[in-house]
Amino acid sequence: MRAELATAGALGAWFAPAAAPVAPFVATAFRIPRRLAEPTGIAITFDDGPHPQGTPAVLRELDRAGARATFFLVGEQVEREPALAAEIAAAGHEIAIHGYRHTLLLRRSPRALRADFERAAEVIADATGTKPRVYRPPYGVFSAPALLLVRRLGWQPLLWSRWGRDWERRATAESITTRATRDLQRGDVVLLHDADHYSSADSWRRTVAALPSILAATGEPFVTASQST
Ligand SMILES: [Zn+2]
């Protein structure tokens, strides 16, 4: 346990509050999947929603391209916008869990973690009528107790292998597309955001602007996160 805690502390040092952490390091340390278990296609994923403007705009672009995606919902946002969460599920996209509160897991006790995870699952299930089983932590940062709990709950942890860095203030539609589609291959998991609740204001507008070119950048099929797990 001591070794695990030391690792968790080291992971904390890698974390920059304003940006996402160094995901490859985290994933390697804990053997957390960053890619699909079966590379049958590409999984486009959206974190931090639902969002009253960002989510409908993203849903429109996905519908236009005939693409399915996975939405990692935040419980406290689902409580504000339950109908939107239901709309995502009704459109055929996969619902996944991003926790109840969007804060780092590192300093949370196992008891607090369990309370957060169970509340998130309950709120999301109530709103969407689905029982999500794929989990991604806020900022992509796991603690050892959090990972243990995720696995005990029978959930599948999933990070990402490509990102648009669309939460950054200086991001543009072009920069998001370039980063998200670089060397895109079957099995890749692409991280994007349909909400600006925890990132720079209106970041979702740039993501929406980038989506048509991201979705057109590959001839590979789009699959949801658990289609390949
Ligand atoms: Zn997030």
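Between S175 and R111, what length comes free when the chain is fully extended (0.36 nm per residue of separation minus the Cα-Cα distance, one decimal in nm)?
19.0 nm
Can you list residues whose amide H is under 5 Å from H193's amide H, if they're 5+ apart or on another chain and H is modeled 1.01 Å from N?
Hits under the 5 Å cutoff: D47.
Hey, rough spin-label estimate for R64 and A217, points 7 angstrom out along Cα→Cβ, what's it come to in nanometres?
Here the modelled spin labels are 1.7 nm apart.
Packing-wise, with mean Cβ within 10 Å as the measure, how do 126-132, 150-156 rank, highest first?
Ranking, from highest mean packing down: 126-132, 150-156.
Using alpha carbon centroids, what distance separates the stretch 107-186 and the stretch 187-220, in Å?
Each part's Cα centre sits 15 Å from the other's.
Given the Cα-Cα distance of E76 and T103 and 0.36 nm per residue of separation, how much length would full extension add, in nm? Intermediate results must be reported in sequence, preceding the final value.
Numbers: separation 27, 0.36 × 27 = 9.72 nm, distance 1.14 nm.
Here the segment from E76 to T103 would lengthen by 8.6 nm.
Per the helix-only calculation at 222 nm, which mean residue ellipticity applies to the chain, given -39500 (n - 2.57) for every DSSP H run of n ≥ 4 and division by its residues, nearest 500 deg cm²/dmol? Can you show the working numbers first?
Details: 9 runs with 98 residues, N = 229.
Taken over the chain, the calculation gives -13000 deg cm²/dmol.
Each value in this text was obtained by applying a stated rule to the coordinates, not by laboratory testing. The model shown is predicted, which means the values in this text are computed figures rather than measured ones. Glycine gets a Cβ as well: all are built from the backbone with ideal geometry, and neighbour counts include every protein chain shown.
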